[in-house]
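Working notes, structure below.
What follows is calculated from the coordinates using simple rules that are stated; it is not laboratory data. Just so we're clear, the structure is a prediction, and the values are computed from it rather than from any experiment. For neighbour counting, all protein chains shown are included, and Cβ atoms are generated from backbone atoms with ideal geometry for every residue, glycine included.
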Amino acid sequence: MEHTALAELLAGLPFPAFVVGADERIEAANAASLPILGQAAVGRNLALALRAPPLLAAVAAVHAGEAARDVPLRLSDETLFRANVSPLSGPGGMRAFCVLRDMTSEVQSEAIRRDFVANVSHELRTPLTAMIGFIETLRTSARDDANARERFLGIMEREAGRMNRLVRDLLHLSRVESEERMRPRDQVDLAGVLRGAASTVRPGAEEKQSHITIIGADAPVMVTGDADQLTQVFLNLIENAVKYGAPGQEVRVSVTRETVSRGAFLRVDVIDRGEGIDPIHLPRLTERFYRVDAHRSRAEGGTGLGLAIVKHIVNRHRGSLRIDSRKGEGSTFSVLLPEGE
Ligand code: ADP
């Protein structure tokens, strides 16, 4: 193939591709490969352009007449490609045609999936192990001890409840994730949603002498959304504000309008005067199973999935979630939802 035709062919490929001549120089390279090989790559010796022993070995093998091969190409700790190297005959001898595939996101999503499965198994195993232990004790040493039986049954009930909540949140999460691309269409009264969520959380709040106050939602506030999912969002946020807030505090839920460059938004702030969150945790707070204090979260009956569910629902509504928190002072979780669409 003549040189310009080769360059045109490479230019048409939507991924990094280049040809290494029999003299080991890069004969042609497309634009997608230049960030990897360097801007002045064409004409350079491949070994000088890229430090990648497995790729160099594959190119040498193909130059020597061997069959095509596929090798990993790690460019940094985070970036992994695979390089397919195949023979391409030419006037000066056998050339090596190299095509690269970016595997980074595949490798990352595989790691995320593995972590997720490990987390779920761990979260389920802990209460399950406790329950198996108590069943054993009830059958043996505590068999005739009515007091112990009552106490152990109480613990087992709590542990079963924990597993139940975890399974419920996992199902929610998977449903919300699968619907994320489908925009909700119903007209929903946000004021009603907030009142509903607050009244569900109120009995728990009263146990801690906390009060929930809603501000700015006396008249209906209409938004395009999914009423059940929006209820879920504010249930989670108000519940968290009560859980991680100080006893006897006021949890304020306020609705305002905000216009930013992207358009007009309804903004709901859920404000607590609790322990607050160290800024280092904020970027990861909506990750599945991420907790500042896992012990505390479990003691409060948390699954570590609430904010992940919130984030997906807010994304589905084309809105955004902002977290503003000061250690020792409290936190504000703000949900912005596009208005009037
Ligand atoms: P959990 O079931 O653990 O409450 P979430 O996903 O709802 O899970 O929250 C994740 C973590 O974020 C919590 O474990 C807690 O550490 C932190 N968090 C959430 N809301 C608040 C809040 N209002 N104040 C302080 N920390 C909070």
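Among H317, G133, A111, pick out the residue whose Cα is farthest towards the positive end of the charge dipole of the chain, where Lys and Arg carry +1 and Asp and Glu carry -1 on C-beta, about the Cα centre.
G133
Quick one: angle between helix 104-139 and the longest Cα principal axis of the chain, in degrees between 0 and 90, rounded to 10, please.
Result, in degrees: 40.
Quick one: angle between helix 146-179 and the longest Cα principal axis of the chain, in degrees between 0 and 90, rounded to 10, please.
Tilt relative to the chain: about 50 degrees.
Note the angle between two axes, namely the Cα long axis of helix 227-243 and the longest principal axis of the Cα atoms of the chain, as a number of degrees from 0 to 90, rounded to the nearest 10.
It works out to around 70 degrees.
How high is the relative contact order of the chain, given as a whole-number percent (alpha carbon pairs under 8 Å, six or more residues apart)?
Once normalised by length, the contact order is 11 percent.
Along the charge dipole of the chain, which of T303, A264, A60 sits closest to the positive end, that is, farthest toward it, with unit charges on the beta carbon of Lys, Arg, Asp and Glu (+1, +1, -1, -1)?
Farthest towards the positive end: T303.
Between the alpha-carbon centers of segment 89-103 and segment 225-257, tell me the distance in whole angstrom.
Cα centres, segment 89-103 to segment 225-257: 59 Å.
Based on DSSP H runs of at least 4 residues, each adding -39500 (n - 2.57), what is the mean residue ellipticity at 222 nm of the chain after dividing by all its residues, to the nearest 500 deg cm²/dmol?
Calculated from helices alone, the mean residue ellipticity at 222 nm is -14500 deg cm²/dmol.
When a/c reaches 1.5 or more, the comparison of a/b and b/c decides; with that in mind, is segment 82-136 rounded, prolate or oblate per its Cα gyration tensor?
prolate
Taking the Cα centre of segment 1-158 as origin and charging only Cβ (+1 Lys, Arg; -1 Asp, Glu), how large is the dipole, in debye to the nearest 20?
Around 280 debye, computed over segment 1-158.
Could you tell me which residue out of I212, V233, V71 lies farthest along the dipole of the chain toward its positive end? Charges go on the beta carbon: Lys and Arg +1, Asp and Glu -1, centred on the Cα centre.
So the residue furthest toward the plus end is I212.
Please state the charge dipole magnitude for the chain, taken about the Cα centre, from unit charges on C-beta atoms (+1 on K and R, -1 on D and E), reported in debye and rounded to the nearest 20.
300 debye
Suppose every K and R has +1 on its Cβ and every D and E has -1 on its Cβ; what is the size of the dipole of segment 152-275 about the Cα centre, in Debye to the nearest 20?
For segment 152-275, the charge dipole is close to 140 debye.
Taking the Cα-to-Cβ direction at E329 and at T126 and moving 7 Å from each Cα, how far apart do the two end points lie in nm?
3.1 nm
Once you order the gyration tensor axes a ≥ b ≥ c over the Cα atoms, which shape class does segment 1-148 get: rounded for a/c under 1.5, otherwise prolate or oblate by comparing a/b with b/c?
The shape class here is prolate.
So which lysines can K327 reach, going by Cα to Cα under 20 Å and dropping same-chain residues fewer than 8 places off?
Those lysines meeting the cut-off are K243.
Give the residue list of trypsin sites (Lys or Arg not before Pro) in segment 119-206 that are DSSP loop and have at most 15 other beta-carbon atoms within 10 angstrom.
Hits after loop and neighbour filter: R143, R181, R185.
Taking 7 Å along the Cα-to-C-beta vector as the label spot, tell me the D70-A31 distance in nanometres, rounded to one decimal.
Each label point lies 7 Å from its Cα, and together they span 2.9 nm.
Rounded, prolate or oblate: pick one for segment 182-341, where a ≥ b ≥ c are the square roots of the eigenvalues of its C-alpha gyration tensor, a/c under 1.5 means rounded, and failing that, prolate if a/b is larger than b/c, else oblate.
prolate
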